[in-house]
Amino acid sequence: MVIILVGCQWGDEGKGKVIDYLAAKADMVIRSQGGNNAGHTVITEDGEFKFQLMPSGILHPECTCIIGNGVVVDPIVILREISQLRERGIDPKNLIVSERAHMVMRYHPLFDQLEEDSRGDDRLGTTWRGIGPAYADKVRRIGFRIGDLQKEAFMRKKLAFVVGNVKNPILTKLYEKEAYDWESMLEEYMGYAKLLDPYIKDTFPVIQEALDRNANILLEGAQATMLDLDFGTYPYVTSSNPTAGGALTGSGIAPTKVDLTIGVYKAYTSRVGYGPFPSELTDEVGDQIRERGHEFGTVTGRPRRIGWFDAAVGRYSARVNGVGCAALMRLDILDEQPMLKVCAGYEFRGTRHDHPIANISHYKHCTPIYEEMPGWETEIGAARCWEDLPQRCRDYVDRVGELIGVPVELVGTGPRRDQFVTRGRKLFD
Ligand code: IMP
């Protein structure tokens, strides 16, 4: 069975926890896009694990974990994550990095920062991890693939060209910065090559073999639909396609092989970085949710912008991705709220819109149309089954499901692995 898991808002929906839940039954977990701009937290009996590049299934030793061709890999970061796992007694020998995956090179984070600075007030609020510049180089066909690390002569020639002829002139002439010494860079990357060598493979035969034997394969999405390069609030987006389509090109799995797409939603909305956010809360309710939910970026530490659940976004994401069932996470963060609002659609210049408006200058100025619902004002962290949840809480979940047009099958009631309510749908069984 092949399941794609996608974020359906602006990221940080709690995907790591759903992935961890599914990874326990998966034979293979694949990351297919993004890079170390992602931050997935998994909490187990052994404590908290924060991953940026590592597929979340890595804690299950029998699960093959693949960093797919569509990911941009910073070798420094993946090596750090490997050694952090080792320090905690976990040997990630179940990790495979696709030979075709591109690398975030030493200069990409610097270009990310310089480009952001040059935008002034129009900056995007990127994570400064070099993600955009790395994908741009991939498209310009001057990117380095992980497999290039295994070809020293090729690396030498290409670094001389890319660093010497492309990057350094821009750095020195446009930004008045120091040039890179590509020869010492070669030495540095050959060091990474040695350490990463056991993990680098052509993942095509590995994935095809798993498909042939009907293995349980989970495609672990990073970022989210509203940050998608095509379907998000461009240009306030990431530089990959975190939608279901991107999961396929980023792994080499054909659309006909997919059995189910699970959409992950948070019970409210958050966004990091700039760009339109119609249901944003700038009052004390937003502050309360931010504090209770510890809504500060796992990668950058930035406070996240908070808003009510936006069902127009939810409906759109469900359709773009073909979501078959939804996971509604972090419901417990709303435990103290006496009254809840859900944005059912928008009004713009006298017209109702049921989906986000493609023109972001219009989207920025639309007015949310809210439905109000009473809160449950009870702690739900101890609930173990659907019936344990207060009626008002179940009503909220069901209304969200109705509005987005997809049944909610999984509900997150707290940060721990066991704080999860499922409604009986079989996944990977
Ligand atoms: P970039 O991916 O670093 O280029 O950042 C582009 C936009 O995507 C910024 O608004 C980031 O805050 C946002 N972003 C990137 N990755 C994540 C994520 O994993 N969660 C939430 N927002 C993200």
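Search the stretch 29-40 for residues being away from the ligand (no atom under 11 Å from the Cβ) and in contact with a helix residue (DSSP H, G or I) (Cβ under 6 Å, 6 or more places away or on another chain), and hand back the single one that is farthest from Asp12 (Cα to Cα). Among residues in the stretch 29-40 that are away from the ligand (no atom under 11 Å from the Cβ) and in contact with a helix residue (DSSP H, G or I) (Cβ under 6 Å, 6 or more places away or on another chain), the one farthest from Asp12 (Cα to Cα) is Val29.
The set of residues from the stretch 170-187 being assigned to a helix (DSSP H, G or I) and either loosely packed, with under 13 Cβ neighbours inside 10 Å or out of contact with any Gly (no Cβ under 8 Å at 6 or more places or on another chain) (or both) comprises Ile170, Leu171, Thr172, Lys173, Leu174, Glu183, Ser184, Met185, Leu186, Glu187. Answer yes or no as to whether Ala179 is outside the structural domain of Leu110 (by TED's automatic domain parsing), in contact with a helix residue (DSSP H, G or I) (Cβ under 6 Å, 6 or more places away or on another chain), modelled with pLDDT of 95 or more and more than 16 Å from the ligand (Cβ to nearest atom). No: the conditions fail for Ala179. For the structure I just gave you, tell me whether Gly132 is surrounded by 20 or more Cβ atoms within 10 Å (Cβ to Cβ), assigned to a helix (DSSP H, G or I), touching a residue at least 24 places away in the same chain (Cβ under 8 Å) and under 16 Å from the mean Cα position of the chain (by Cα). It is true that Gly132 is surrounded by 20 or more Cβ atoms within 10 Å (Cβ to Cβ), assigned to a helix (DSSP H, G or I), touching a residue at least 24 places away in the same chain (Cβ under 8 Å) and under 16 Å from the mean Cα position of the chain (by Cα).
Among the residues of the stretch 288-303, is any in a helix (DSSP H, G or I), within 14 Å of the chain's Cα centre (by Cα) and either within 14 Å of the ligand (Cβ to nearest atom) or not assigned by TED's automatic domain parsing to the domain that holds Ala222 (or both)? Let's see the steps before the verdict.
Our first condition is that a residue be in a helix (DSSP H, G or I); within the stretch 288-303, this holds for 288-292.
Still in the list and also within 14 Å of the chain's Cα centre (by Cα): none.
Looking through the stretch 288-303, none of the residues is in a helix (DSSP H, G or I), within 14 Å of the chain's Cα centre (by Cα) and either within 14 Å of the ligand (Cβ to nearest atom) or not assigned by TED's automatic domain parsing to the domain that holds Ala222 (or both).
Gly322 meets each of the listed conditions (1) touching a helix residue (DSSP H, G or I) at 6+ places or on another chain (Cβ under 7 Å); (2) under 29 Å from Trp376 (Cβ atoms); (3) among the small types (Gly, Ala, Ser) apart from (2).
Taking the stretch 104-122 as the search range and keeping residues that are over 18 Å from Leu174 (Cα atoms) and more than 21 Å from the chain's Cα centre (by Cα), which one is nearest to the ligand (Cβ to nearest atom)? Step through it out loud before you land on a result.
Going residue by residue through the stretch 104-122, those that are over 18 Å from Leu174 (Cα atoms) are 104-106, 121-122.
Among the residues that remain, those that are also more than 21 Å from the chain's Cα centre (by Cα) are: 106, 121-122.
Working: Arg106: 17, Asp121: 15, Asp122: 13 Å.
The residue in question is Asp122.
Assessment of the stretch 88-99 against the conditions (in a helix (DSSP H, G or I) and out of contact with any helix residue (DSSP H, G or I) (no Cβ under 8 Å at 6 or more places or on another chain)) yields no matching residue. For Arg416, the requirement of being within 27 Å of the chain's Cα centre (by Cα), part of a loop (DSSP other than H, G, I, E, B) and closer than 21 Å to Gly263 by Cβ is not met. Number of residues in the stretch 210-227 that are among the hydrophobic types (A, V, I, L, M, F, W, C) and more than 25 Å from Ser240 (Cα to Cα): the value is 2.
State whether the residues of the stretch 19-28 include one that is within 11 Å of the ligand (Cβ to nearest atom) and part of a loop (DSSP other than H, G, I, E, B). Taking every residue of the stretch 19-28 in turn, none turns out to be within 11 Å of the ligand (Cβ to nearest atom) and part of a loop (DSSP other than H, G, I, E, B). From the list Ile380, Ile333, the one residue that fits, being under 23 Å from Ile289 (Cα atoms), touching a Lys or Arg at 6+ places or on another chain (Cβ under 9 Å) and in the same structural domain as Thr41 (by TED's automatic domain parsing), is Ile333.
Here's the yes/no breakdown for (1) out of contact with any Ser or Thr (no Cβ under 8 Å at 6 or more places or on another chain); (2) surrounded by fewer than 17 Cβ atoms within 10 Å (Cβ to Cβ); (3) at pLDDT below 95:
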position: Gly16; (1), (2), (3): no, no, yes
position: Arg31; (1), (2), (3): yes, no, no
position: Gly47; (1), (2), (3): yes, yes, yes
position: Leu53; (1), (2), (3): yes, no, no
position: Ile67; (1), (2), (3): no, no, no
position: Tyr107; (1), (2), (3): yes, no, no
position: Leu110; (1), (2), (3): yes, no, no
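Take the residues of the stretch 211-256 that are part of a loop (DSSP other than H, G, I, E, B) and hydroxyl-bearing (Ser, Thr, Tyr): which is surrounded by the most Cβ atoms within 10 Å (Cβ to Cβ)? Selected residue: Thr243. Each residue in the stretch 257-266 was checked for being crowded, with 24+ Cβ neighbours inside 10 Å and either within 12 Å of the ligand (Cβ to nearest atom) or hydrophobic (A, V, I, L, M, F, W, C) (or both), and 3 of them qualify.
The values are calculated or read from the model by the stated rules, or taken from the named source; none is laboratory data. What you are looking at is a predicted structure, and each value in this text was computed from that prediction instead of being measured. Positions of Cβ are generated from backbone atoms using ideal geometry, with glycine treated the same way; all protein chains shown enter the neighbour counts.
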